[in-house]
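The values are calculated or read from the model by the stated rules, or taken from the named source; none is laboratory data. Since the structure is predicted, the reported quantities are computational estimates derived from the model, not experimental observations. Quick reminder, even Gly has a Cβ in these numbers, built from the backbone with ideal geometry, and neighbours come from all protein chains shown. Keep in mind that these areas ignore ligands, DNA and RNA; they rest on the heavy atoms of the full protein, side chains included. Shrake-Rupley method; radii C 1.70, N 1.55, O 1.52, S 1.80 Å.
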Amino acid sequence: SDVCSSDLIDARFGTVVTQLNIDRRVAVLGNGESIEFNKACLAMGSRPVRPPVAGVGLGNVIYLRTVRDAFALREMAELEKGIVVVGGGLLACETAASLRQMKLKVSVMHRQANLLNRYLDPDSAAWLTGYFAKNGVTMLMGESLNGFEGKTVLRNIQTKSGNRIAAGLAVVACGAEPNLDLVRNTPLS
């Protein structure tokens, strides 16, 4: 018997599940239709972390998640003089390196002493941080984000130590969190 028989799979592309009732094993679709299931695989993706600070919704504070976000960043970066990448992980490093290759003025702000500190040994992380600095990236290490300042568009980034960093564009790369809205009011929450 074929375990992956097509009559066991109900694939509906471009369809949104709006409610999930775990007890009754029913998924409600955006069009109101209900689908009963024995087992469900929840692959709901993730979204960028928005730090719990003031100004996260200001213009020119952007979060990278999609190719569309990357294209928007490229267009915005060419118009701004000071770009600050907030974070010290892989996405932050890739973003800073790409912007620097475009010959833009880039700073990286990270609360730890070295980039990729969660992934590399201390010596390698220190070497990488120095490599970025030698290649023209301003390193703002040991600085924690306190908020973004501006009326409608970003003007400054404030750190918890009280420093203010002038910035025309901030790229927030502080990780991702799972999209859990669908399961919030279920036993899976």
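One table, with the values for the structure above:
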| item | result |
| --- | --- |
| Test: Arg68 is modelled with pLDDT under 95, open to solvent by 40 Å² or more (accessible area, probe 1.4 Å) and part of a strand (DSSP E or B) | no |
| Among residues of segment 142-189, those that are over 20 Å from the mean Cα position of the chain (by Cα) and among the β-branched types (Val, Ile, Thr), counted | 4 |
| Within segment 18-44, tally of residues that are assigned to a strand (DSSP E or B), modelled with pLDDT of 90 or more and open to solvent by 50 Å² or more (accessible area, probe 1.4 Å) | 2 |
| Selection within segment 126-181 - of a type in the set (A, V, I, L, M, F, W, C) and open to solvent by 40 Å² or more (accessible area, probe 1.4 Å) | Ala126, Trp127, Ala133, Met139, Met141, Val153, Ala166, Cys174, Ala176, Leu180 |
| Residue satisfying all of: in segment 45-65; exposed (fewer than 13 other Cβ atoms within 10 Å of the Cβ) and assigned to a loop (DSSP other than H, G, I, E, B); modelled with the lowest pLDDT among these | Gly45 |
| Restricting segment 100-125 to residues that are modelled with pLDDT under 95 and among the aliphatic types (A, V, I, L, M), the residue that is most open to solvent (accessible area, probe 1.4 Å) | Met102 |
| Subset of segment 71-84 that is assigned to a helix (DSSP H, G or I) and of a type in the set (Gly, Ala, Ser) - its residue that is least open to solvent (accessible area, probe 1.4 Å) | Ala77 |
